[in-house]
Ligand SMILES: CC(C)(COP(=O)(O)OP(=O)(O)OC[C@H]1O[C@@H](n2cnc3c(N)ncnc32)[C@H](O)[C@@H]1OP(=O)(O)O)[C@@H](O)C(=O)NCCC(=O)NCCS
């Protein structure tokens, strides 16, 4: 039977601290897709060490997961940053990829967002860019992507140079400038 004809699980639930080991296992298995694709100086194994996941959780990344037979098979995080939501760490176990798991998680997080949703990924991860575009996201211009990455993410310059940003709403250069200005005003207000 075609893989896509098999029943796709639909149970989405919030993740909790007890899921950390499973989240790490999913991320590090799925991130093998990056090996040999992203710049060699950005690849490391495991791709996400336990300490990095702990600091991401402490920094407000909230994961949701999709389960099959009560076992997590895909995870995706969301992080509120100023006036946008960032999708962070989208990973599906290799044996479950291409069966709608990522699309369901992404739709779930976007339905609950109520404001622009941004995603940053490796420029070389063409499959991931296609995945987000299939879900209606649009790439922003490279200069605007660099501005957005500096404003909303906490990543080194080397990662900015090797990343792209996709948005859930069309973002012109003008729209990016006003979003960033509004984020600046919001962070001044909250001191
Ligand atoms: C990217 C990822 C999260 C998508 O989740 P998924 O469950 O595989 O995606 P879906 O089954 O919902 O796929 C939806 C669309 O994405 C595209 N897609 C997904 N995986 C793909 C792959 N490996 N190769 C090519 N296209 C792919 C397809 O166009 C698919 O559309 P179709 O069903 O019309 O063919 C998952 O494949 C993954 O973990 N990949 C490795 C890690 C990664 O790149 N993470 C992204 C971090 S930003």
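See the values below:
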{"read-out": "Criterion violated by residue 135 - all others in (1) exposed (fewer than 12 other Cβ atoms within 10 Å of the Cβ); (2) under 19 Å from residue 78 (Cβ atoms) satisfied", "value": "(1)"}
{"read-out": "Residue match in the stretch 1-13 (condition: surrounded by fewer than 17 Cβ atoms within 10 Å (Cβ to Cβ) and touching a strand residue (DSSP E or B) at 6+ places or on another chain (Cβ under 7 Å))", "value": "yes"}
{"read-out": "Hey, residue 24 away from the ligand (no atom under 13 Å from the Cβ), in contact with a helix residue (DSSP H, G or I) (Cβ under 6 Å, 6 or more places away or on another chain) and over 19 Å from residue 121 (Cβ atoms) or not", "value": "yes"}
{"read-out": "Test: residue in the stretch 3-18 that is modelled with pLDDT of 95 or more and under 14 Å from the mean Cα position of the chain (by Cα)", "value": "no"}
{"read-out": "Residue among 191, 184 that alone is modelled with pLDDT under 95, away from the ligand (no atom under 12 Å from the Cβ) and in a loop (DSSP other than H, G, I, E, B)", "value": "191"}
{"read-out": "Odd one out for residue 42, checked against (1) in contact with a strand residue (DSSP E or B) (Cβ under 9 Å, 6 or more places away or on another chain); (2) in contact (Cβ under 8 Å) with a residue 60 or more places away in the chain; (3) farther than 23 Å from residue 117 by Cβ; (4) loosely packed, with under 15 Cβ neighbours inside 10 Å", "value": "(4)"}
{"read-out": "Qualifying residue in the stretch 30-37 (condition: part of a helix (DSSP H, G or I), surrounded by 15 or more Cβ atoms within 10 Å (Cβ to Cβ) and more than 13 Å from the ligand (Cβ to nearest atom))", "value": "no"}
{"read-out": "Identity of the residue in the stretch 104-122, free of Cβ contacts under 8 Å to residues at least 60 places away in the same chain and under 12 Å from the mean Cα position of the chain (by Cα), that ends up surrounded by the fewest Cβ atoms within 10 Å (Cβ to Cβ)", "value": "110"}
{"read-out": "Lone qualifier among 99, 71 - being over 17 Å from the mean Cα position of the chain (by Cα) and within 20 Å of residue 137 (Cα to Cα)", "value": "99"}
{"read-out": "Pairs where the first residue, in the stretch 85-96, is under 17 Å from residue 152 (Cα atoms) and the second is part of a loop (DSSP other than H, G, I, E, B), C-beta under 8 Å, 6+ apart", "value": "85/113; 85/115; 85/116; 86/153; 88/61; 89/48; 89/61"}
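Per-residue answers, yes or no, for (1) within 14 Å of the chain's Cα centre (by Cα); (2) surrounded by 15 or more Cβ atoms within 10 Å (Cβ to Cβ):
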site: 79; (1), (2): yes, yes
site: 85; (1), (2): yes, yes
site: 124; (1), (2): no, yes
site: 127; (1), (2): yes, no
site: 130; (1), (2): yes, no
site: 145; (1), (2): no, yes
site: 159; (1), (2): no, yes
site: 182; (1), (2): no, no
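The values are calculated or read from the model by the stated rules, or taken from the named source; none is laboratory data. Computed from a prediction, not measured in an experiment: that's the story for all the values here. Backbone-built Cβ (ideal geometry, glycine too); neighbour counts: all protein chains shown.
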